[in-house]
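Here is the structure we will look at, set down as structure tokens.
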Amino acid sequence: MERAPDRRREGVSADGKRAEERLGRVGGVRWWGAPRGAASGLGRRSGGGEARGACRSRLQPGRCPRWARLTPPARRTMAQFLFEADLHGLLKLDTPIPNAPPARWQRKAKESGPGPSPVGVSPMKPANRSHSSSKTPSKTPGKSGSKIQNTPTKAGGDRYIPNRSTLQMEMANFLLTKENDPAEESPTKKEQQKAWAVNLNGFDVEEAKILRLSGKPQNAPEGYQNNLKVLYSQKMTPGSSRKNSRYIPSMPDRILDAPEIRNDYYLNLIDWSSQNFLAVALDNSVYLWNHASGEIIQLLQMEHPDVYISSVSWIKEGNYLAVGTSSAEVQLWDIQQQKRLRNMTSHCARVGTLSWNSYILSSGARTGHIHHHDVRVAEHHVATLAGHTQEVCGLKWSLDGRYLASGGNDNLVNVWPCTQGGGGDFAPVQTFTQHQGAVKAVAWCPWQMNVLATGGGTSDRHIRIWNVCSGACLSTVDAHSQVCSILWSTNYKELVSGHGFAQNQLVLWKYPTMTKVTELQGHTARILNLTMSPDGTTVASAAADETLRLWRCFEMDPIKKKEKEKANSAKSSIIHQSIR
């Protein structure tokens with residue numbers, strides 16, 4: 001028996017053919033394409049002529065397709081296999097998606113120029129492109145031309161291997177060699193750049209390089225001047241280069257008894273001499289304490305029991321002591337011979353403050369007047385300053401002797417010149433009225449002669465820094481308590497203040513920021529006065545708790561201490577005439 005011819009029907013795919021063959025075997029119906037002898041539920045079709053007739057009838061018009069003559073179960077099975085075949089085709093990643101918008105690289109290929117349509121080319125596989133559309137512009141500076149590269153013609157390749165026969169090896173070698181050669185510059189351009197550098201910088205940049213990897217820096221050309229402002233210097237004067245390593249003891253170095261010391265805010269009862277003697281006024285007596293040996297000497301005692309000592313002050317050389325009394329007297333004592341040299345009477349009320357300027361001794365009284373005494377002559381009273389309406393409780397000459405600062409109970413601060421005015425009278429060059437309380441604490445900055453620090457009493461409680469030349473207030477800080485005394489440090493850019501209620505403490509301030517460095521507590525009553533040792537390391541505080549406490553709050557570095565001692569030994573005395 002002849003076998004049916006294996007012909008493909010129009011509109012049926014290869015997958016559909018295989019499905020129909022399976023249906024011919026499984027469904028029991030043998031039709032075109034099914035293997036001969038397949039089982040059929042409807043009976044076996046025999047005879048090759050019959051099969052050939054079936055093939056002929058498939059091509060004749062008006063006849064129904066063969067799949068329509070299948071039984072319903074076979075038809076459903078065939079549809080299921082067709083659906084699976086279509087689904088399998090959709091899940092293939094290497095086949096293009098029908099009716100999908102073109103990819104970005106396909107749109108670029110269309111826009112770049114004429115060429116074959118890129119539809120159907122996957123971005124995961126290299127496309128077949130012509131040599132004219134595969135030119136890539138060179139991004140290397142100084143190189144011109146483009147490299148023509150061929151893409152592999154075999155679709156689905158996993159590597160890109162250029163065709164080396166088409167590369168311009170000679171041109172590439174020439175470009176690489178030219179890139180390594182130094183750029184040629186005309187001598188005129190070099191000379192012009194050198195002239196610009198000399199005019200702008202003052203020197204040739206190529207000859208004097210700023211940054212060098214090794215070796216010593218080259219010297220500047222002769223006659224070169226640096227006009228830049230110096231912001232930092234290696235040595236700070238005064239001050240410490242070891243700010244973080246400085247130790248400030250919180251406890252006093254020594255505590256001395258001061259019985260019967262008068263608890264009076266307006267008096268100045270202690271002073272430390274340059275010969276290291278501490279003078280303390282206790283009621284009607286004056287005692288000297290030798291800091292080096294610890295010896296205590298009673299210098300004087302008032303004859304009348306109702307008269308008390310109201311102020312003491314050492315001359316700069318430390319061999320004479322001025323003593324003010326409640327009986328309006330100013331006495332001058334020689335500590336070596338321990339005897340009184342002079343008794344000067346010009347005030348009519350107690351003398352609460354004293355200050356020296358060479359051979360001129362200034363005294364402030366309860367009446368608000370300030371008297372200048374020339375201790376060399378018999379007629380000692382040489383001038384009177386009338387600028388306060390109440391008691392003068394603070395008085396201090398500047399270190400250069402140009403100005404005298406006075407503070408009073410009338411809340412005023414006056415700055416007086418050292419010389420008389422055109423009319424023969426003294427008038428203050430500055431008057432500060434910002435304080436709201438009595439001003440007893442006055443102190444001049446040792447490294448800025450025109451800077452003055454003042455402190456107010458209980459009603460004010462502020463520390464103010466002034467520029468006496470311009471009259472400007474440089475800084476103001478609230479101390480939160482009565483300011484009894486202020487001292488500037490000679491070893492650091494700091495100042496210390498003594499206070500009353502409620503803490504009765506000493507406060508160290510950083511200048512010029514006026515930030516608090518530390519507080520020293522220990523007194524149980526308000527501090528009356530502060531004074532500093534001649535070496536500037538120790539501060540002595542006298543308080544109403546009848547004690548003297550010595551604080552080593554400005555300890556110097558040993559190297560700087562030797563330098564300062566050597567500088568002080570070279571200074572000579574200002575006074576060349578003996579006191580008569």
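The values are calculated or read from the model by the stated rules, or taken from the named source; none is laboratory data. Worth saying up front: this structure is predicted, and the values here are computed from it rather than measured. Note that we place each Cβ from the backbone using ideal geometry, even for glycine, and neighbour counts take in every protein chain shown. For accessibility, only protein heavy atoms count, side chains too; no ligands or nucleic acids. Shrake-Rupley method; radii C 1.70, N 1.55, O 1.52, S 1.80 Å.
Would you please name the residue that is nearest to residue 469 (Cα to Cα), looking only at residues in segment 426-441 that are in a strand (DSSP E or B) and open to solvent by 30 Å² or more (accessible area, probe 1.4 Å)? The extreme case among them is 430.
Within segment 335-358, can you find the residues that are of a type outside the set (S, T, N, Q), within 25 Å of residue 389 (Cα to Cα) and either outside any loop (DSSP other than H, G, I, E, B) or open to solvent by less than 40 Å² (accessible area, probe 1.4 Å) (or both)?
Here is the first cut: in segment 335-358, the residues of a type outside the set (S, T, N, Q) are 335, 339-342, 344, 347-352, 354, 356.
After this cut, where a residue has to be within 25 Å of residue 389 (Cα to Cα) as well, the list is 344, 347-352, 354, 356.
Within segment 335-358, 344, 347, 349, 350, 351, 352, 354, 356 qualify.
Of the residues making up segment 455-475, just one is among the hydroxyl-bearing types (Ser, Thr, Tyr) and either in contact (Cβ under 8 Å) with a residue 60 or more places away in the chain or under 11 Å from residue 435 (Cβ atoms) (or both), namely 459.
Taken over segment 310-334, the criterion of being within 15 Å of residue 270 (Cβ to Cβ), crowded, with 22+ Cβ neighbours inside 10 Å and of a type outside the set (Ser, Thr, Tyr) is satisfied by 312, 314, 321, 322, 323, 324. Residues in segment 350-374 that are in contact with a Gly (Cβ under 9 Å, 6 or more places away or on another chain), free of Cβ contacts under 8 Å to residues at least 60 places away in the same chain and hydrophobic (A, V, I, L, M, F, W, C): 4 in all. Residues of segment 546-570 that are modelled with pLDDT under 95, open to solvent by less than 70 Å² (accessible area, probe 1.4 Å) and not aromatic (Phe, Trp, Tyr): 553, 555, 556, 557, 560, 564, 567. What's the number of the condition residue 380 fails, among (1) free of Cβ contacts under 8 Å to residues at least 40 places away in the same chain; (2) surrounded by 21 or more Cβ atoms within 10 Å (Cβ to Cβ)? Checking residue 380 against (1) free of Cβ contacts under 8 Å to residues at least 40 places away in the same chain; (2) surrounded by 21 or more Cβ atoms within 10 Å (Cβ to Cβ), the one that fails is (2). In the set 361, 332, only one residue is touching a Ser or Thr at 6+ places or on another chain (Cβ under 8 Å) and either part of a strand (DSSP E or B) or more than 21 Å from residue 302 (Cβ to Cβ) (or both); that residue is 361.
Counting only residues that are touching a Lys or Arg at 6+ places or on another chain (Cβ under 9 Å), give me the strands (runs of 3 or more DSSP E) lying completely in segment 442-492 with at least 1 of them. Walk me through it before giving the result.
Values: elements: 451-456, 462-467, 472-478, 483-488.
Passing ranges, in order: 451-456, 472-478, 483-488.
Across segment 478-503, the qualifying residues are those that are among the charged types (D, E, K, R) and open to solvent by 10 Å² or more (accessible area, probe 1.4 Å), and the one among them that is nearest to residue 251 (Cα to Cα) is 493.
The rows are residues; the columns are (1) open to solvent by less than 60 Å² (accessible area, probe 1.4 Å); (2) modelled with pLDDT of 95 or more; (3) at positive phi.
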residue	(1), (2), (3)
365	yes, yes, no
369	no, yes, no
391	yes, yes, no
408	yes, yes, no
413	yes, yes, no
423	no, no, no
454	yes, yes, no
464	yes, yes, no
476	no, yes, no
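Filtering segment 287-329 to residues that are in a strand (DSSP E or B), under 22 Å from residue 373 (Cα atoms) and not hydrophobic (A, V, I, L, M, F, W, C) leaves 310, 311, 313, 320, 324, 325, 329. Residues of segment 504-523 that are more than 17 Å from residue 253 (Cα to Cα) and surrounded by fewer than 21 Cβ atoms within 10 Å (Cβ to Cβ): 510, 512, 513, 514, 515, 516, 517. Candidates 239, 223: the one that is at pLDDT below 70 and surrounded by 12 or more Cβ atoms within 10 Å (Cβ to Cβ) is 239.
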